[in-house]
Amino acid sequence: MQLDKGLFVEIKTNGKELVIPADWLSFSINDSIHSIYNSFDSSILDRSGKISEVLLTTPGNIFSIKFGKEYDMENIVEGSFVINDDKMASPDEGSKVYGGKVDLFGYHEWFNLQQESSASFKTKASSVANTLTNSYPWKGKNITSTQETKAWFQGLRTPARFIQEIVTPKSFSNSLTPFFAFINNKNEFNFLDYSTMFTGSAKNFYYSPGASENLDPSTLIHGISRWSESLKKAKMTKKKMSYRITDSGELEKLELNSNDFYKKPPSDIYLVSNQEGRGPTNHITTVYGRAGESISDMSYNEVNEMRESFFRERFIILLSFDPSLVAGKTINIYLYLPTDTNDSYSVRFSGKYLVEASSHIWSGETKSAMTKLVISRKYNSSIPDDFQLKRIFK
Amino acid sequence: MIPVELFYGIVEDNNDPLEKGRLKIRLLPEMEEASSDHLPWLEPFFGGQNTKTTAYIKESYDIGAPLWCFFYSSSFTRGWYITGVFLETPFNFDSIKSDLSSIAEDEVGEASNISFSRYRNGTVEFKDNSSGYMGVYHASGSYAIFDSNGGIVAYSKSNIKMYTDDNMIELKDTAGIVINSGAGTITFNGSGNTLVKYSELSRILSAITSNMDARILSDPISGVCGPVLPPFTIATYAPTLTTDKINMNADKLETS
């Protein structure tokens, strides 16, 4: 069904297309690199009550959605979602029937196909993620290979929980960055490390109210808001690490600097903790392992300790509808900053950011489509090395 | 503090290739469908070293035995087995009490006071925390115990063998020693009833022999022996009585 100015949406439920006036429908499709499922949030004006009456809004129904631009069929927001919740407020005044605005919320259809298992694997983490997602007809899969082969126990979990709770936190890349498992708004399954995502090609966007007439409207940032994670999460004091010698049981101690996460002890079993049991990035730092075990047992803690530090500096930005921008992509932003001599852009805040989360929105009330992004980075690369921020988060 | 998670498992393999007392464990239900090759070898939580040197303890567990285990996390990267799982039906104190009552050296106390280990073949190690009665009851019926008075009792359905190299086995008492057997009884119960040495016995028997000869030679018909009949040859008696001390033995020796 055509929405406005070359935009279209196709919603099928139980194989039949839902055709209603564009202003009766509002929805957003949302993804995030931190959540394995993307989601569908909608509001349908069921004025007569007939849509509900024929069970189209019943939890468990599958809504298959395609949302895009008619002239760019390569980049379409799409996916199938299982309705999880439905809610209907009081009917409009004057209405003779029980009808009105129905709010629906659904997860990606893969949620509905989960089954617990106690299987085991002896392979790379990336192979585990690939194997467990093979049975679903994704539009695509983006998986970065991990290095270590080790035993993995699903432990009576669903594949999604196993990937999210066990495989992902224990994976790291050659470039020593953590992994993220998520379904994006293009119906692609992703098992990617931060470095792979951040080094991807980036589109340019401008927040430039003073010079907007010179820019392509599709590259403009319409709304922007910035915040940063507090340094309260950073442990500013030194930490202690203890490790145990297998032969004698003796405990040896090391003192770590505030910007050390883990150090490989000289030998044998090691324990790391600090006074609060939490590290600089709010992850529990007490770990246990053997120096002689595989490298991943040593390194995943070190890498994943720093997971949150990659998202210290964040913006929310509002753009014209752009279905090519989904979680895991990158963008360059340029923030207008006039000087005495010429128009220029802020060095402090401009730069490359990762799309942490995206929402692709159709508003029936305003008959407009937009894309809202949460973008983030660790910090501005031009910060000198002796600044405390950089010393802590490296 | 190290947070841990508790799991139930069974022994998949007890033949540790490193011979360190580890067990290969299949957690249930978490590893029910896991390949046996992937299962983890867990170290014992109890036992191990109680010094920094060479004193250690190891329990044995059969394949299939249910165990409690714990891991640092449910990713199962590192864990230990703690102990066997209590199974109500096979646990039978009455059978323990019945076995121990056959010892008849002491009374088995209340279940609350008895600690015991029962082996797969029926042998029982036990101790009564109240009376101090303790020992081992073998499935064959043999036993070795300390009774509640501190007495030591050993009973064997088979042999009791005692060996010593270049030392002696000493039985030492103040009241007496009794040796009972089907062939008779020997009692040593005081300094006036000491066991006769072989040399002493030989001396006594020689003295008896000499005495008997002397008595014969001193008889009025000394030198003549037997009836005098034609052709009237008179034989002269020469003492020939000797004592076969080498082949002498006593069916029964009682010194009291």
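The values are calculated or read from the model by the stated rules, or taken from the named source; none is laboratory data. None of these values were measured; they are calculated from a predicted model. Glycine also receives a Cβ, built like all others from the backbone with ideal geometry; neighbour counts cover every protein chain displayed. Ligands, DNA and RNA are stripped out before the accessible areas are found, and what is left, the full protein with its side chains, is counted by its heavy atoms. Shrake-Rupley method; radii C 1.70, N 1.55, O 1.52, S 1.80 Å.
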Going by a 1.4 Å probe on protein heavy atoms, which residues of the range A:94-122 end up with at least 20 Å² less accessible surface in the whole assembly than in their chain alone?
A:S118, A:S120, A:K122
Cα gyration tensor of the range A:308-394, axes a ≥ b ≥ c as square roots of the eigenvalues: rounded (a/c below 1.5), prolate (a/b > b/c) or oblate?
oblate
Virtual spin-label span in nm between B:S36 and A:K122, 7 Å along Cα→Cβ:
1.3 nm
From largest accessible area down, sort A:H34, B:H38; use a 1.4 Å probe on the protein chains.
A:H34, B:H38
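Taking every residue in B:75-84, how many Cβ atoms of other protein chains lie within 10 Å of its Cβ, on average?
What the average comes to for B:75-84 is 4.
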Under 5 Å between amide H atoms, partner at least 5 residues away or on a different chain: which partners does B:R78 have, H built in plane at 1.01 Å?
B:Y72, B:S73
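Just the number, please: carbon plus sulfur as a percent of the accessible area of the range A:120-196, 1.4 Å probe, no ligands or DNA/RNA counted.
Carbon-and-sulfur percentage of accessible area, whole number: 48.
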Accessible-area ranking of B:Y163, A:Y37, B:Y56, largest first, probe 1.4 Å:
B:Y163, B:Y56, A:Y37
Per-residue average of other protein chain Cβ atoms inside 10 Å, peptide A:165-172 -> 2
Rounded to the nearest Å, what's the spacing between the alpha carbon centres of the range B:129-158 and the range A:80-125? Just the number, please.
70 Å
Sparsely packed GluC sites (Glu not before Pro) within the range B:69-125, loop by DSSP, other Cβ within 10 Å at most 15:
B:E88, B:E107, B:E110
Over the Cα atoms of the range B:27-138, Rg to Rh with Kirkwood Rh, two decimal places?
1.07
Once accessible area is computed for B alone, A alone and the pair with a 1.4 Å probe, the total buried surface, to the nearest 100 Å², works out to 1800 Å²
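Taking the mean number of other Cβ atoms within 10 Å as a proxy for protection, how do you rank B:22-28, B:148-154 from highest to lowest?
B:22-28, B:148-154
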Once the range A:60-115 is represented by equal point scatterers at the alpha-carbon sites, with solvent omitted, what log10 I(q)/I(0) does the Debye formula produce at q = 0.30 Å⁻¹?
-1.09
What's the Kirkwood radius of the range A:120-196 in Å, using all Cα pairs?
12.5 Å
With a ≥ b ≥ c the root eigenvalues of the C-alpha gyration tensor of the range A:1-78, is it rounded (a/c under 1.5), prolate (a/b larger than b/c) or oblate?
oblate
Taking a 1.4 Å probe, which of A:S382, B:S95 shows the most accessible area, and what order do the others take after it?
A:S382, B:S95
Just how much of A:K352 is accessible, in Å², when a 1.4 Å probe is used and the result is rounded to the nearest 10?
60 Å²
